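Q: Have a look at the structure that comes next, please.
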Number of protein chains: 2
Amino acid sequence: MSTTLASRASSTASRPPVTTVRVALAGCGTVGGALLDLLARHADDLTRRHALRFHVVRILARDASRPRSTAVERALLTTSVAEFLDTPADVVVEAIGGSCTADVLARGALAHGRALVTANKALLRTQGPALAAFGPRLRFEAAVGGGVPIVRLLREGLAGQGVHRVRAVLNGTTNYILSRIERGDPYAAALAAAQRAGFAEADPSRDLQGVDAADKLALLAWLAFGADPSTLEVVTEGLPRDVDAAVRGAARSGRRLRLVATAERAARGVTAHVSPALLHLDDPLAAAVDEENVIQVTSASSGTLTLRGRGAGGAATAAALLADLIHLFQPGTH
Amino acid sequence: MSTTLASRASSTASRPPVTTVRVALAGCGTVGGALLDLLARHADDLTRRHALRFHVVRILARDASRPRSTAVERALLTTSVAEFLDTPADVVVEAIGGSCTADVLARGALAHGRALVTANKALLRTQGPALAAFGPRLRFEAAVGGGVPIVRLLREGLAGQGVHRVRAVLNGTTNYILSRIERGDPYAAALAAAQRAGFAEADPSRDLQGVDAADKLALLAWLAFGADPSTLEVVTEGLPRDVDAAVRGAARSGRRLRLVATAERAARGVTAHVSPALLHLDDPLAAAVDEENVIQVTSASSGTLTLRGRGAGGAATAAALLADLIHLFQPGTH
């Protein structure tokens, strides 16, 4: 079987020809490992339903000696960015995080003519428009909403509908912590549980201070309103210092504390803010449980559309990366 | 300005070239008229944000003398299907409804090499796979979910996630009637209000008996599981005969009556049914108010994703048609 994108071979007389896609994967931690597992588990389905065969040709790791997913072939591992970028591939999947290495990888991949699929909201917030200028082969469904396909929806599904407002719970980690506290955990135990579940980093400050939600909101404002995410000011306030007391106080008044991100297109431009809010129980955003995200998009034509689903976790994020891979290469979806 | 798809002219030095798309519109009742209004109102935005200019070249009407949207140029009107199909166009938008004329139009359009955008679930239920066999230029976001972009989501956004269950309120008309009864209207008044609002046909039996929901569910099962919608058996039960009593009875037990459509992929194949159900108030499907649709999609990777939005009405349906038009012709989304 050839391993180039250009070569297509008919698997049976009645099925469409199968395209083989060479994937270079940067990062094989929680998300990268989950993607490798997903590709292995769904290989038959991807070939049968989408006429695609994904062939992982290289894996960039920060530390090649760490134990990782059983789906990782050790011979594919490298710690050299240069070697990684020199490996012929059709697409680079960037799941390594951070900003410096990711930026070099993203520009290198696009400059080499490869498609780029990334989950890196911090990178996209500052570099998104510059990366998009390389052409249309940049995809980032996994950067916002986890398993909620809000990126594709704003890019395409709601195109032309005059979206004027996005209101959302975008940070699965803080929501998981708030949900645990509502069920009786003290804050410290809730945070530890979020870390054990793989939702919170060792340093959870980007989540707790609302910075992660602000990055995601800026990307949504870019998609919905064309606002430049690198210059958009998102007024940001994180969870209150005494979260336990705030959650209890909310419950006493029949409400729920949620970290709410809102962006609106107004006459003077786009306004955006992230802040804790006391929500009525019948507010759809109050329904976000554990790591869920809830996103409301309001447009002139369709009123308010509400989406709710898993907003964090390796499996949901990997599924979003896979959806981008399928969309980029599936014959006939274009 | 040229009116062919192939010709592209740069509007300014810095903007992408604008593509002019020739649209032949079949039907200009509620939905067709709303689409014409939308195209006129958003013309600038479509050019600026999507580099598209839609030029309506022909309008097929059942009766050219009926009063219609002010956006209709009378010189474009025809009642002849042959004349309509002979008009050179890049895309046919089918919003004329029914099955016989629509089928002729759909096959004629695709056979002439045009793209086809349709809202016609009854046609798609029986002819969808045959029409799709003409190639990838068939789009039908408006056929299911109104303003909820569930078609694109199942086709692309959730691709590869192993969807195994779809559960939904899919009929905006019955939901509007149930909501009115819950707020105190008797059934007859609620039905009359639905007809005045443009949600219910003069003969509402397809909605009330669950046939419309069954057609939509069959399309979702096609998209989600690859089931052939023309042969899929959807066990269908409509609203109960005494709707008033059923709604009151549900309220007394702290529940809500909703018409629920469910399709599941099981070991033995796909099962599908539509039936009235008494839902707990915290069931996301119970949150469907007035003409809203709520759709839950459950997959191995992403758990349950819930979408809620306007499921009926000219504006929401027209917005879905426009999203398909943009997706078909926008440069760089491919």
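The values are calculated or read from the model by the stated rules, or taken from the named source; none is laboratory data. Note that the structure is a prediction, hence the values are computed from the model and not measured. Counting neighbours? That spans all protein chains shown, and the Cβs are built from the backbone with ideal geometry, glycine included.
Q: For A:Val148, state whether it is more than 11 Å from every other protein chain (Cβ to nearest Cβ) and crowded, with 18+ Cβ neighbours inside 10 Å. Show your work before the answer.
A: Values: more than 11 Å from every other protein chain (Cβ to nearest Cβ): no; crowded, with 18+ Cβ neighbours inside 10 Å: yes.
Criteria not met by A:Val148.
Q: Does the range B:66-85 contain any residue that is of a type in the set (D, E, K, R), modelled with pLDDT of 90 or more and either closer than 30 Å to A:Ala227 by Cα or surrounded by fewer than 14 Cβ atoms within 10 Å (Cβ to Cβ) (or both)? Outline the logic, then answer.
A: Applying the first criterion (of a type in the set (D, E, K, R)) to the range B:66-85 yields B:66, B:68, B:73-74, B:83.
Within this subset, residues satisfying the condition of being modelled with pLDDT of 90 or more are B:83.
Going one step further and asking which of them are either closer than 30 Å to A:Ala227 by Cα or surrounded by fewer than 14 Cβ atoms within 10 Å (Cβ to Cβ) (or both), we end up with B:83.
Yes, because at least one residue in the range B:66-85 is of a type in the set (D, E, K, R), modelled with pLDDT of 90 or more and either closer than 30 Å to A:Ala227 by Cα or surrounded by fewer than 14 Cβ atoms within 10 Å (Cβ to Cβ) (or both).
Q: So, one more: Could you tell me how many of the residues in the range A:232-277 are more than 18 Å from A:Val166 (Cα to Cα), surrounded by fewer than 19 Cβ atoms within 10 Å (Cβ to Cβ) and not charged (D, E, K, R)?
A: Residues of the range A:232-277 that are more than 18 Å from A:Val166 (Cα to Cα), as a first pass: A:238-257.
Keeping just the survivors that are surrounded by fewer than 19 Cβ atoms within 10 Å (Cβ to Cβ) gives A:240-242, A:244-246, A:248-249, A:251-255.
Now narrow it down to the ones that are not charged (D, E, K, R): A:240, A:245-246, A:249, A:251, A:253-254.
The qualifying residues number 7.
Q: List pairs: first residue in the range B:112-138 and without any contact (Cβ under 8 Å) to a residue 24 or more places away in the chain, second residue surrounded by 19 or more Cβ atoms within 10 Å (Cβ to Cβ) anywhere in the structure, Cβ distance under 8 angstrom, at least six positions apart or on different chains.
A: Sorted first by the residue in the range B:112-138, then by its partner, the pairs are B:Ala132/B:Leu138.
Q: Here is a check on your reading of the model: is B:Ser301 among the hydroxyl-bearing types (Ser, Thr, Tyr), out of contact with any strand residue (DSSP E or B) (no Cβ under 7 Å at 6 or more places or on another chain) and either in the same structural domain as B:Arg196 (by TED's automatic domain parsing) or crowded, with 16+ Cβ neighbours inside 10 Å (or both)?
A: Numbers: among the hydroxyl-bearing types (Ser, Thr, Tyr): yes; out of contact with any strand residue (DSSP E or B) (no Cβ under 7 Å at 6 or more places or on another chain): yes; either in the same structural domain as B:Arg196 (by TED's automatic domain parsing) or crowded, with 16+ Cβ neighbours inside 10 Å (or both): yes.
Answer is yes for this residue.
Q: Would you mind finding the one in B:Arg183, B:Arg196 that is assigned by TED's automatic domain parsing to the domain that holds B:Leu307, closer than 28 Å to A:Gln296 by Cα and free of Cβ contacts under 8 Å to residues at least 24 places away in the same chain? Step through it out loud before you land on a result.
A: Numbers: B:Arg196 fails: closer than 28 Å to A:Gln296 by Cα.
Every option except B:Arg183 fails the conditions.
Q: Please go through (1) modelled with pLDDT of 85 or more; (2) within 17 Å of A:Leu328 (Cα to Cα) for A:Arg49 and return the number of the only condition it doesn't satisfy.
A: (1)
Q: Among the residues of the range A:281-328, what is the count of those that are aliphatic (A, V, I, L, M) and outside any helix (DSSP H, G or I)?
A: 10
Q: Which of the residues belonging to the range A:240-259 are away from chain B (no Cβ under 14 Å), touching a helix residue (DSSP H, G or I) at 6+ places or on another chain (Cβ under 6 Å) and either closer than 19 Å to A:Ala287 by Cβ or among the acidic types (Asp, Glu) (or both)?
A: Taking the range A:240-259 first, the residues away from chain B (no Cβ under 14 Å) are A:240-255, A:257-259.
When the remaining residues are screened for being touching a helix residue (DSSP H, G or I) at 6+ places or on another chain (Cβ under 6 Å), the result is A:240, A:243-244, A:247, A:257-259.
Selection gives A:Asp244, A:Val247, A:Leu257, A:Arg258, A:Leu259.
Q: For the subset of the range B:319-334 comprising residues that are aliphatic (A, V, I, L, M) and more than 7 Å from every other protein chain (Cβ to nearest Cβ), which member is nearest to B:Arg152 (Cα to Cα)? Steps first, please.
A: Of the residues in the range B:319-334, the ones aliphatic (A, V, I, L, M) are B:319-323, B:325-326, B:328.
Of the ones still in play, those that are also more than 7 Å from every other protein chain (Cβ to nearest Cβ) are B:320-321, B:325, B:328.
Details: B:Ala320: 10, B:Leu321: 12, B:Leu325: 13, B:Leu328: 12 Å.
In this case the residue turns out to be B:Ala320.
Q: Could you count how many residues in the range B:297-312 are within 21 Å of the chain's Cα centre (by Cα) and more than 9 Å from chain A (Cβ to nearest Cβ)?
A: Looking only at the range B:297-312, we keep the residues that are within 21 Å of the chain's Cα centre (by Cα), and these are B:297, B:305-312.
In the following step, the residues that additionally are more than 9 Å from chain A (Cβ to nearest Cβ) were identified as B:311-312.
Count: 2.
Q: Still on this structure: Identify, from the list B:Glu94, B:Glu141, the residue that is more than 14 Å from chain A (Cβ to nearest Cβ), touching a Gly at 6+ places or on another chain (Cβ under 8 Å) and in contact (Cβ under 8 Å) with a residue 12 or more places away in the chain. Break it down stepwise before answering.
A: Numbers: B:Glu141 fails: more than 14 Å from chain A (Cβ to nearest Cβ).
Going through B:Glu94, B:Glu141 in turn, just one is more than 14 Å from chain A (Cβ to nearest Cβ), touching a Gly at 6+ places or on another chain (Cβ under 8 Å) and in contact (Cβ under 8 Å) with a residue 12 or more places away in the chain: B:Glu94.
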